[in-house]
Amino acid sequence: MIPAFTLSFLTTVVVSLLTKPVPKEVEQEYDQMKRITADRGEEI
């Protein structure tokens with residue numbers, strides 16, 4: 001079980017490093033929705 005976890009973790013790190021970052025528009029929309037839900041007392 002430990003080798004599978006390690007392989008999964010390493011795969012996640014490698015794929016994260018190889019993919020492009022999230023566009024600024026997506027980050028802004030996410031932040032906006034996060035503020036809206038926080039104002040209503042909800043959590044995402």
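Here, each number is a calculation from the coordinates, and none is a lab measurement. Everything numeric in this text was worked out from a predicted model, so none of it was measured. Here the Cβ is made from the backbone with ideal geometry for all residues, glycine too, and neighbour counts use every protein chain on show.
How far is helix 2-18 tilted off the main Cα axis of the chain, in degrees rounded to 10, range 0 to 90?
Computed tilt is about 60 degrees.
On full extension of the chain, what length is gained from LEU18 through MET33, given 0.36 nm per residue of separation minus the C-alpha to C-alpha distance? Don't skip to the answer; put the middle values down first.
On the way: separation 15, 0.36 × 15 = 5.40 nm, distance 2.74 nm.
Length difference between fully extended and current span is 2.7 nm.
If you line up the Cα atoms of the chain on their principal axes, what length do they span on each, largest first, in Å?
Result, largest extent first: 43, 25, 6 Å.
Once the Cα atoms of helix 24-39 and of the chain are each reduced to a long axis, what angle between those two axes, in degrees from 0 to 90 to the nearest 10, is obtained?
The angle comes out near 60 degrees.
Which loop trypsin sites (Lys or Arg not before Pro) in the chain, with loop taken from DSSP, have no more than 11 other Cβ atoms within 10 angstrom of their Cβ?
Working: sites: LYS24, LYS34, ARG35, ARG40; in loops: ARG40.
Answer in residue order: ARG40.
Report the GluC sites (Glu not before Pro) located in the chain that are in a DSSP loop and have at most 12 other Cβ atoms inside 10 Å of their Cβ, or state none. Provide the component values of the computation, followed by the final result.
On the way: sites: GLU25, GLU27, GLU29, GLU42, GLU43; in loops: GLU42, GLU43.
Here the GluC sites (Glu not before Pro) that fit, given the DSSP loop and packing criteria, are GLU42, GLU43.
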